[in-house]
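Presented below is the structure to which this report refers.
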Amino acid sequence: MKKVFLLIITFVFIQCNDQKTKLVTKGKVGEITKTTTEQELENIYKNDSIVKIPEASDYVNEYAIYEKGGKHLLSVFPKIPKDTINFIERVKVYSPMYKTEKGISTIATFSDISANYSINKIDPTFTTAIVYIDELNGTFALDKKDLGLDEFDLNKISKDQIPDMAKIKYITIWFE
């Protein structure tokens with residue numbers, strides 16, 4: 001009986017610890033902050049694959065992080081030129097493993113965003129609608145195809161034009 005109890009406690013502790021390492025908050029994505037160095041990034045994701053883009057350059061524009069199975073987890077964008085104190089400018093989250101404190105991940109919908117956050121503004125790009133959330137210093141990108149809007153249409157988008165079931169394409173957390 002003691003072994004079963006100990007096993008359950010260990011499992012719960014591991015699950016809680018894993019959730020903290022995948023938490024998305026203002027100024028933090030998992031273990032990544034604006035002061036995370038390139039070396040620390042490589043240590044954090046040592047069991048995953050990091051692709052530097054462009055690969056053969058002194059100045060990397062993006063670190064694309066993939067699980068060993070090939071699933072895209074995150075893209076980390078450093079400041080250019082490199083700032084030795086604040087290395088990272090922003091992180092794009094593609095994996096549903098990463099969630100905000102309010103449980104929003106890339107498998108959530110626009111209605112989930114609306115129910116949990118105050119939307120500060122919505123801007124169109126050629127292929128997405130960008131939903132700004134000041135509370136996170138972040139954005140949620142929604143695919144225009146899910147909104148029933150034409151690509152390359154840069155007309156203003158209101159909340160009323162976005163279907164509740166529109167899915168999140170990716171989450172961006174800005175570190176500035």
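Of all residues in the range 122-131, count the ones that are assigned to a strand (DSSP E or B), without any contact (Cβ under 8 Å) to a residue 40 or more places away in the chain and either at positive phi or in contact with a helix residue (DSSP H, G or I) (Cβ under 8 Å, 6 or more places away or on another chain) (or both).
Total meeting the criteria: 3.
Do you know which residues across the range 94-118 are free of Cβ contacts under 8 Å to residues at least 12 places away in the same chain and either closer than 25 Å to Phe77 by Cα or surrounded by 17 or more Cβ atoms within 10 Å (Cβ to Cβ) (or both)? Talk me through it step by step, then tell me what you get.
We begin by selecting, within the range 94-118, every residue free of Cβ contacts under 8 Å to residues at least 12 places away in the same chain; these are 96, 112, 115.
Residues satisfying the conditions are Pro96, Asp112.
Just give me the residues in the range 146-172 being touching a Ser or Thr at 6+ places or on another chain (Cβ under 8 Å) and not in a loop (DSSP other than H, G, I, E, B), in sequence order.
Correct list: Lys159, Lys167, Ile168, Lys169, Tyr170, Ile171, Thr172.
Go through the residues of the range 93-101 one by one and say whether even a single one is touching a Pro at 6+ places or on another chain (Cβ under 8 Å), closer than 18 Å to Glu176 by Cβ and not polar (S, T, N, Q). Write out each step before concluding.
So the first thing to find is which residues in the range 93-101 are touching a Pro at 6+ places or on another chain (Cβ under 8 Å), and the list is none.
Looking for residues that are touching a Pro at 6+ places or on another chain (Cβ under 8 Å), closer than 18 Å to Glu176 by Cβ and not polar (S, T, N, Q), one finds none in the range 93-101, hence no.
Considering only the range 1-42, state which residues are in a helix (DSSP H, G or I) and either of a type in the set (Asp, Glu) or at pLDDT 95 or above (or both). Lay out the reasoning, then the answer.
Let us first name the residues in the range 1-42 that are in a helix (DSSP H, G or I), namely 2-21, 38-42.
Within the range 1-42, Asp18, Glu38, Glu40, Glu42 qualify.
Just checking, how many residues over the range 132-145 are closer than 19 Å to Leu23 by Cβ and outside any strand (DSSP E or B)?
Narrowing the range 132-145 to residues closer than 19 Å to Leu23 by Cβ: 133-140.
So of that shortlist, the ones also outside any strand (DSSP E or B) come out as 134-137.
So the answer is 4.
Return the only residue of Ile168, Ile157 being closer than 19 Å to Asp112 by Cα, in contact (Cβ under 8 Å) with a residue 60 or more places away in the chain and surrounded by 19 or more Cβ atoms within 10 Å (Cβ to Cβ).
Working: Ile157 fails: in contact (Cβ under 8 Å) with a residue 60 or more places away in the chain.
So the residue among Ile168, Ile157 that is closer than 19 Å to Asp112 by Cα, in contact (Cβ under 8 Å) with a residue 60 or more places away in the chain and surrounded by 19 or more Cβ atoms within 10 Å (Cβ to Cβ) is Ile168.
Considering the range 55-65 alone, what residues qualify as being part of a strand (DSSP E or B) and either among the acidic types (Asp, Glu) or modelled with pLDDT under 85 (or both)? First the steps, then the outcome.
First, pick out the residues of the range 55-65 that are part of a strand (DSSP E or B): 62-65.
Answer for the range 55-65, where residues must be part of a strand (DSSP E or B) and either among the acidic types (Asp, Glu) or modelled with pLDDT under 85 (or both): just Glu62.
Given the criterion out of contact with any Gly (no Cβ under 6 Å at 6 or more places or on another chain), β-branched (Val, Ile, Thr) and surrounded by fewer than 15 Cβ atoms within 10 Å (Cβ to Cβ), identify the matching residue among Val91, Val51.
Val51 is the lone residue from the list that is out of contact with any Gly (no Cβ under 6 Å at 6 or more places or on another chain), β-branched (Val, Ile, Thr) and surrounded by fewer than 15 Cβ atoms within 10 Å (Cβ to Cβ).
Starting from the range 56-75, keep only residues that are more than 16 Å from Thr33 (Cα to Cα), then list their pairs with residues that are of a type in the set (D, E, K, R) and in a strand (DSSP E or B) whose Cβ atoms are within a distance under 6 Å, requiring at least 6 positions of separation or different chains.
Val60/Lys52
Has the range 66-86 got at least one residue that is among the basic types (Lys, Arg), in a loop (DSSP other than H, G, I, E, B) and either surrounded by 15 or more Cβ atoms within 10 Å (Cβ to Cβ) or at pLDDT 95 or above (or both)? Talk me through it step by step, then tell me what you get.
The first filter runs over the range 66-86 and keeps only residues among the basic types (Lys, Arg), leaving 68, 71, 79, 82.
From what's left, in a loop (DSSP other than H, G, I, E, B): 68, 71, 79, 82.
Cutting the leftovers down to either surrounded by 15 or more Cβ atoms within 10 Å (Cβ to Cβ) or at pLDDT 95 or above (or both) gives us 71, 79.
Yes, the range 66-86 contains a residue that is among the basic types (Lys, Arg), in a loop (DSSP other than H, G, I, E, B) and either surrounded by 15 or more Cβ atoms within 10 Å (Cβ to Cβ) or at pLDDT 95 or above (or both).
Please go through the range 122-145 and give me each residue that is under 18 Å from Ile104 (Cα atoms) and of a type outside the set (A, V, I, L, M, F, W, C), ordered by number.
Scanning the range 122-145 gives Tyr132, Asp134, Glu135, Asn137, Gly138, Thr139, Asp143.
The values are calculated or read from the model by the stated rules, or taken from the named source; none is laboratory data. Just so we're clear, the structure is a prediction, and the values are computed from it rather than from any experiment. Glycine gets a Cβ as well: all are built from the backbone with ideal geometry, and neighbour counts include every protein chain shown.
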